[in-house]
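I have placed the structure first, in the form of structure tokens, so that the comments after it can refer back to it.
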Amino acid sequence: MSLPSVLVDRLRLPVIASPMFLVSGPDLVIAQCTAGVVGSFPSLNARPLAELRVWLTRITEALAAHDAAHPEAPSAPFAVNLIVHRTNARLAEDLALVEEFGVPIVITSLGARPEVNERIHAYGGIVLHDIIHDAYARKAVDKGADGLIAVAAGAGGHAGTQSPFALVQEIRAWFDGPLALSGSIAHGRSVLAAEAAGADLAYIGSLFIATEEANAVPGYKQMVVDSSAADIVYTDRFTGVHGNYLAPSIVAAGLDPARLAGAETGAIDFGDDGALGAKAWRDVWGAGHGVGAVSEVRPAAAVVDRLAVEYEAARERLLVR
């Protein structure tokens, strides 16, 4: 199965920049798309609801202006991440705005909803659903997702535990549609490796936290620069769902990272007033194992430039063997 044109014709690299909680916003999305990779953001980052219209207007107008000024190098498409779980009270309103603006790519999370997929298909959009194992992948495709995002071990934020090779291998045994791979991808070599493993696209998040356009506090960006894979803690103690977090941010929140891997499970009660002196959603920072590839805070376009150079060098190295 060939990829939809929206995922081929306007990409400089086979990369989707993942939607990151609090971090991804209009500045970052515009910078990513104009640099030639898919930019994305979670709809719930735009608060209150009225802000989502502001964001979508700004992004679509900025990308249209770029395309008019640079017809030889048009922008990549953008994506919006919708949490489709029934506990998301904003889903109906967010989906209505996605339809109104004709968002080209929608990334769905936490459940697969046929009625949501049908509405996105009705205006010509495509749906990519993120999953952490093959059983969820099958359900998503059965319910109408066009493609999948395989979230493997080492990905930032909520992540799976399976090897990317195993996860892609199982999915490709039955699915030949669009497939993106997430999990510690922070170098051009890794983008090429994702393709070699059977994915169509690399799904990259943590690398873009340490960018000038990211909506992350300076301390978060610097912590990504200063950290390596050894500084990542995998735990469910902050949201009730397992994810990867920066150990120094856990320490700064008043907790011992070494004690989070014990038998006790479930989200820690920080208290309504931040009883531990911190709020988990604000002060405990997600990141994946790929942070070791980040050496400085740079513009997003420079990050994409580096990936492109590394990607081509990796291709050439393999061709001469």
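Points worth noting:
- Viscosity 1.567 mPa s, 4 °C: Kirkwood-radius Stokes-Einstein D of the stretch 5-215 over Cα pairs, µm²/s: 76 µm²/s
- Using a cutoff of 8 angstrom between alpha carbon atoms and counting only pairs six or more residues apart, the relative contact order for the stretch 5-215 works out to 19 percent.
- With the simple spin-label model, which puts each label point 7 Å out from Cα in the Cβ direction, the Asp226 to Ala252 separation comes to 0.8 nm.
- Spread over its residues, the convex hull of the C-alpha atoms of the stretch 133-208 is 82 Å³ per residue.
- The trypsin sites (Lys or Arg not before Pro) of the stretch 159-246 include none that DSSP puts in a loop with a beta carbon having at most 16 other beta carbons within 10 Å.
- Taking the number of Cβ atoms within 10 Å of each Cβ as an exposure proxy, the fewest-first ranking of Arg10, Arg47 is Arg47, Arg10.
- Max mean-square fluctuation residue, GNM over the chain, Cα-Cα springs under 10 Å, options Ala196, Ala308, Ala153: Ala196
- Neighbour count of at most 13 Cβ within 10 Å plus DSSP loop: longest GluC sites (Glu not before Pro)-free window in the chain: 73-263
- The helix-only estimate of mean residue ellipticity at 222 nm for the chain, built from DSSP H runs of length n ≥ 4 each weighted as -39500 (n - 2.57), is -11000 deg cm²/dmol after division by the residue total.
- Helical segments meeting 24 Å axial Cα length and Kyte-Doolittle -0.5 threshold in the chain (DSSP H): 49-69, 300-319
- Placing unit charges on each Cβ (+1 for Lys and Arg, -1 for Asp and Glu) gives the chain a dipole about its Cα centre, and among Val297, Leu192, Ser5 the Cα reaching farthest toward its positive end belongs to Leu192.
- In the stretch 141-228, the chymotrypsin sites (Phe, Trp or Tyr not before Pro) that fall in loop regions by DSSP, at most 13 other Cβ within 10 Å: Trp174
- Residues whose amide H comes within less than 5 Å of that of Asn81, counting only those at least five positions distant or on another chain, are Phe41, Ser43, Ile107 (H built at 1.01 Å from N in the peptide plane).
- Counting only residues at least eight positions apart within a chain, or on another chain, the aspartates and glutamates with an alpha carbon under 16 Å from that of Lys221 are Asp27, Glu212, Glu213, Asp231, Asp283, Glu296.
- Across the options Pro104, Gly147, Leu44, the greatest Cα extent toward the positive end of the charge dipole of the stretch 40-149 (unit charges at beta carbon of Lys, Arg, Asp, Glu) belongs to Leu44.
A short reminder: the numbers here are calculations on the coordinates, not readings from a lab. A quick note: this is a predicted structure, and the numbers were derived from the prediction, not measured. Backbone-built Cβ (ideal geometry, glycine too); neighbour counts: all protein chains shown.
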